[in-house]
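Structure, as C-alpha cells:
The values are calculated or read from the model by the stated rules, or taken from the named source; none is laboratory data. All of these numbers come straight from a predicted model, not from anything done at the bench. FYI the Cβ positions are ideal-geometry reconstructions off the backbone, even for glycines, and counts take in every protein chain you see. Accessible surface areas use protein heavy atoms only, side chains included; no ligands, DNA or RNA. Shrake-Rupley method; radii C 1.70, N 1.55, O 1.52, S 1.80 Å.
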Amino acid sequence: MAPAVDGQAWWRSPLAWRTEILAALVVGVALIPEAISFSVIAHVNPSVGLFASFTMAVTISVVGGRRAMISAATGSTALVLAPLSRHYGLHYLVAAVLLAGALQVVLGVIGIARLMRYVPRSVSVGFVNALGILLFKAQWPNLEHVPAVVYALVIGGLVIIGFFPKLNKVIPPPLIAIVVITAITILGHLDAVPTVGDHGALPHSLPLPLLPHVPMDLSTLSIIALPAATMAIVGLLETQMTARLVDDLTDTGSDKNRESWGQGIANIVTGIFGGMGGCAMIGQTMINVKSGGRTRVSTFLAGVFLLVLVVVFNPIVSRIPMAALVAVMFVVAYSTFDWASIKPAQLKRMPRSETAVMAVTVVLTVATGNLSIGVLAGVVLAALLFARRVQHIATVTRITPDHHRWHVHFPDLLRRSHPASSDGHHPGLGTGVTPTADQATPDQATAVYVVTGELFFASSSDLPDRFDYLGDPPRVVIDLTDSHIWDASTVAALDRVVAKYAQHGKSVELLGMNPASADIHANLAGHLSSEH
C-alpha cells in the first residue's frame, strides 16, 4: 500500500511529489562520484559503473519489495568482481553479473529472506554502526593532498546542511549544499578544488545492450561461478540489512522475498546493458530517506536524474566539487551510526554477550571493509553465545519420597500416559510396557527424575550425565511433563540414558510427554544407535 499524506494518497499531494523529486535529485547527484569510484576499484571504465547505477535504480523501483531504497553499483560488488575484471576483462565480469542475478532470483523465489530472522539485533546494530564508520572513512581519500580551501568548503557544506532546515524544510539541505558549494567554486575561480570530473570522463550517450562475448562452456563457468555466487550472497545480505534499516526508519514494512528476486532481475538487466551489477546502497538510501523519499518514484527518478545529469549536463556535473559531496556523506555517516548503542547507560543495561557481538561485527567489518564478513562473524558469535547460555536451560531433579509430586502428580502421570496402541505399546513410555496397578505406587525401589525445560541439541547434550546409574534402584522413572522434545539429538540423549541404565540391569520409564514430544520420540527412539 502506498503511503498516505494527511489522509490522502501520496500521489495526490503536490508537496509529496516535490519531496520525492528533490530527494531523487540529491541522490542522483550523490550517485555519480560513488559509481565512478567503484568503477575504478573494479578496473572498468567509469561509464560501466554509472550505467549500472542507472539500470539498477530504475529496474528495482519497479520489481523491488522495499519502497524508497536505492540500489546501484556498490563497493562490495566492485571488490568481489575486481579480480575477475583485472584478469579476464569486462566480458567475463558481465557474465558473472548475469549469473549472480540468476542465482538471486532463485534464492529469492525459495525464500532466502526468511533467514534474516536469525540475524539478532546486536548484529544489526553492529552492521549499522560499521556502515556509519565506513561511510565516514570512505571520504578521507577526498581530503588528502588537497588545498586548504577544500576543508573550508566541507565545513561550509556541513553548516548549510545543519542549519538550513531551520529556514526552509521544503528543499533538501544536501541539495542546497551542493548548489551553493558548486557556485562558490565556479564564481570564485577555485580551479584547484577537486571535482567530480577529476574522477573520470563521464559518458555522452545512452547505454546500449552488451551481451558478453565469452565461450559458453564449463571452463567459463568455472571462472565466473565463485565470483558470481559471492556477489549474489553479499548483495542479498547487504540488501536485506538495508531494507530492515529502512523499515525501522520509516515505520513501514517491505516484501523481503520480492526484494531478493527483484535484485536478481535488476542485476540481469544491468548485465544485459554491460553494467557491473550492484545491490542496495546504504549511503544513498539514507540520503533519500533523510530527504523525505518514501515511494518508488524517488528510486526511479534517482536513476533517471543520474543518467540525465551525466549525459545531458555533463559539463556542469563535472564541475561539482567533491567537497560538497564529502559534506553530504559526513552527515549521512553521522545519521547512520546508532549513537544510543554506545551510551554508557545503554551499555550497562545490555548483556555483555550482545555488546561483544556488536563490537565484533563492527571491528571485523571496518577492518576488512567487507560487510558480509562482519555480519557472518557476528551471527556465528551470537549463535555460540546463545548455545552457551541455553546449555543448562533444561534441569534434571531427583525427587525424594516426601516430595509432593509423589503424592499428587506421580500416580496421575502413570494413568494419563498416552493411550496404548493395539499391541499395548504406550508412546510415552521408554519401555513400551503398560504400568500395572502395583507399579502406580512408588516406593523406595523407584527413583524419579523430573526434567524441566526445552530439550534440543544444546540443552540436551549433557543430559546423560545427570543421572546416577550406579546408585539408583532397579526401577527409574523420568518425568517429562514439564519439558518438550524438539529434535533427534534429544531422543538420542534419552536413548543413551535408557541404554546406560540397561547396562546395569535397571529399567527406565519415560512418562508425561506431550503429544508432539511423544510423536518424535516414538518415531526415532531406538533408531539412532550411531549417536549413542
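Residue count for the range 126-142, restricted to those that are farther than 15 Å from Val360 by Cβ and among the polar types (S, T, N, Q): 2. Residues that are touching a residue at least 40 places away in the same chain (Cβ under 8 Å) and more than 34 Å from the chain's Cα centre (by Cα) were ranked within the range 189-201; the one that is farthest from His91 (Cα to Cα) is Leu190. Of all residues in the range 164-182, those satisfying the criterion of being open to solvent by 40 Å² or more (accessible area, probe 1.4 Å) and modelled with pLDDT of 85 or more are Val179, Val180.
Per-residue answers, yes or no, for (1) among the hydrophobic types (A, V, I, L, M, F, W, C); (2) over 9 Å from Gly275 (Cβ atoms):
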{"residue": "Gly49", "(1), (2)": "no, no"}
{"residue": "Met56", "(1), (2)": "yes, no"}
{"residue": "Ala68", "(1), (2)": "yes, yes"}
{"residue": "Ser76", "(1), (2)": "no, yes"}
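For the range 47-69, the tally of residues that are closer than 21 Å to Leu202 by Cα and of a type outside the set (S, T, N, Q) stands at 9. Considering every residue within the range 52-63, establish whether at least one is open to solvent by 30 Å² or more (accessible area, probe 1.4 Å) and over 14 Å from Ala266 (Cβ atoms). Checked against the condition, which is being open to solvent by 30 Å² or more (accessible area, probe 1.4 Å) and over 14 Å from Ala266 (Cβ atoms), the range 52-63 yields no hits at all. The sole residue among Ser222, Ser260 that is in a helix (DSSP H, G or I), crowded, with 21+ Cβ neighbours inside 10 Å, hydroxyl-bearing (Ser, Thr, Tyr) and at pLDDT 90 or above is Ser260. Close contacts from the range 119-135, counting a first residue that is surrounded by fewer than 22 Cβ atoms within 10 Å (Cβ to Cβ) and a second that is assigned to a helix (DSSP H, G or I) and among the basic types (Lys, Arg), with Cβ to Cβ under 7 Å and a gap of 6+ residues or different chains, come to Ser124/Arg244. Look at (1) touching a helix residue (DSSP H, G or I) at 6+ places or on another chain (Cβ under 6 Å); (2) open to solvent by 10 Å² or more (accessible area, probe 1.4 Å); (3) farther than 26 Å from Val40 by Cβ; (4) in a helix (DSSP H, G or I) and you find that Gly292 fails only one, number (4). Looking at Ser61, Ser85, Ser122, just one residue is of a type in the set (S, T, N, Q), closer than 30 Å to Phe305 by Cβ and in contact with a Gly (Cβ under 9 Å, 6 or more places away or on another chain), and that residue is Ser61.
A search for C-beta distances below 6 Å between a residue of the range 495-517 that is under 12 Å from Ile478 (Cβ atoms) and any residue that is part of a helix (DSSP H, G or I) and open to solvent by less than 10 Å² (accessible area, probe 1.4 Å), counting only pairs 6+ apart in sequence or on different chains, returns Val497/Pro464; Val508/Tyr501; Leu511/Leu413; Gly512/Leu413.
Just one of (1) over 14 Å from Ala232 (Cα atoms); (2) in contact with a Lys or Arg (Cβ under 8 Å, 6 or more places away or on another chain); (3) small (Gly, Ala, Ser) fails for Gly157. It is (2).
Does Leu81 qualify as being open to solvent by less than 20 Å² (accessible area, probe 1.4 Å) and closer than 25 Å to Thr270 by Cα? Taking the combined requirement at face value, the residue satisfies it.
Residue-by-condition table, conditions (1) farther than 19 Å from Ala525 by Cβ; (2) surrounded by 15 or more Cβ atoms within 10 Å (Cβ to Cβ):
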| site | (1), (2) |
| --- | --- |
| Ser483 | no, yes |
| Asp495 | no, yes |
| Ala499 | no, no |
| His504 | yes, no |
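Restricted to helices (runs of 4 or more DSSP H) entirely inside the range 304-361, those with at least 2 residues that are buried (at least 22 other Cβ atoms within 10 Å of the Cβ) are 322-336. Criterion applied to Arg475, Arg415 was being over 33 Å from the mean Cα position of the chain (by Cα), at pLDDT 85 or above and surrounded by fewer than 19 Cβ atoms within 10 Å (Cβ to Cβ), and the one residue passing it is Arg475. Pairing each residue of the range 90-113 that is of a type in the set (Gly, Ala, Ser) with any residue that is part of a helix (DSSP H, G or I) and open to solvent by 40 Å² or more (accessible area, probe 1.4 Å), provided the two are 6+ apart or on different chains, yields C-beta distances under 6 Å for Gly101/Ile268; Gly108/Asn257; Gly108/Trp261; Gly111/Asn257; Ala113/Lys256; Ala113/Asn257. Let me confirm something: among Val246, Val214, which residue is β-branched (Val, Ile, Thr), in contact (Cβ under 8 Å) with a residue 24 or more places away in the chain and open to solvent by 10 Å² or more (accessible area, probe 1.4 Å)? Just a single option satisfies the conditions, and that option is Val214. Going by the structure shown, is Ala152 open to solvent by less than 40 Å² (accessible area, probe 1.4 Å) and at pLDDT 85 or above? Criteria not met by Ala152.
Would you pick out the residues in the range 470-506 that are acidic (Asp, Glu) and more than 19 Å from Val450 (Cβ to Cβ)? Hits for the range 470-506 are Asp487, Asp495.
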